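Below is one structure; the comments refer to it alone.
The values are calculated or read from the model by the stated rules, or taken from the named source; none is laboratory data. Model, not experiment: these values are computed from the prediction. Note that each Cβ is placed from the backbone with ideal geometry, even for glycine, and that neighbours are counted across all protein chains shown.
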Amino acid sequence: MRTSRRFLRTIAGAIPTLLLLALPACDFIGPFDLSGPYEGQVVVTGGSASNWLATGETIQYTASVWHKSGGYQVVEANWSSRDPDIASVDSTGLVRALAPGFTVITAEYRGRSGVLGVQVVPNFTGMFTVRLTVDSCEAVNGFASSWCDTARGTEDTMALDLQQTRDRVAGTWRFRDAAGTFPSAQVSLLDRTGRVTLDANPVALAGAQASILLSLESDDGQSLTGTFTAQWFVTGQPGWAMTGGSISGGPR
């Protein structure tokens, strides 16, 4: 009986030690306890998936850090822009797009940094009138070369009413006595140089049918420059003609 009691007392005394050995190592810091050190990098979130902005737009970013006890915690970081002439950022993480180009936004917290690239493109929203000047014309598959002789050097105008959402541009066009929309399936995606390509297809003009492709760019969102190509089919003519030229214009 004495042996059994001594054995029980020994086992009872060892239970706390056994329990401590069985528990995983943990600091027991709550998920939002800011007293402990942070693990990993600062993460910058917010905005759109593409992080593209049109000039004049603003977007709010947030800095968060992963705590070693688990979970992201929003922090007050020190914000900066690599090129503030392209996009500025204030002390709260609000970014303002100023001029076309690319810059990097940095959030610094306790010696660690998170970065996010921001692409700024021209804002094509507005109503414009552009002048199309035919610089070249090629007659193909028996098309009358005299038509090209007449077309070279001519000028015409097109009215554009454009709307831009981030990196996409849509809208309507009017060319002489023809008008229409840029097909939704071909709504243009701006490239990183800020150039947009719009397809005004098709255009019916005085017995001719044309597919016109506009390639536009703007440094300030006001004046427009670029190039165009057009494929022309004329009633009663075999083959087709390919014209190309320059575009210039501005707000109307």
Can you find a residue that is part of a loop (DSSP other than H, G, I, E, B), exposed (fewer than 15 other Cβ atoms within 10 Å of the Cβ) and free of Cβ contacts under 8 Å to residues at least 24 places away in the same chain anywhere in the range 213-234? no
Restricting attention to the range 46-68, does a residue exist that is touching a Pro at 6+ places or on another chain (Cβ under 9 Å), over 26 Å from Arg192 (Cα atoms) and either part of a helix (DSSP H, G or I) or at pLDDT below 90 (or both)? yes
Just one listed residue, out of Val187, Val134, Val169, is assigned by TED's automatic domain parsing to the domain that holds Gln237, modelled with pLDDT of 95 or more, under 23 Å from Ser215 (Cα atoms) and hydrophobic (A, V, I, L, M, F, W, C), and it is Val134
Report, by residue number, each residue of the range 176-212 that is among the hydrophobic types (A, V, I, L, M, F, W, C) and part of a strand (DSSP E or B). Ala178, Ala179, Leu189, Val196, Leu198, Ala200, Val203, Ala204, Leu205, Ala208, Ala210, Ile212
Taking Ser188, is it surrounded by 16 or more Cβ atoms within 10 Å (Cβ to Cβ), under 25 Å from the mean Cα position of the chain (by Cα) and free of Cβ contacts under 8 Å to residues at least 24 places away in the same chain? yes
Matching option when the condition is in contact (Cβ under 8 Å) with a residue 12 or more places away in the chain, buried (at least 18 other Cβ atoms within 10 Å of the Cβ), of a type in the set (A, V, I, L, M) and not assigned by TED's automatic domain parsing to the domain that holds Asn51, among Ala139, Ala151, Ala107, Ala87: Ala139
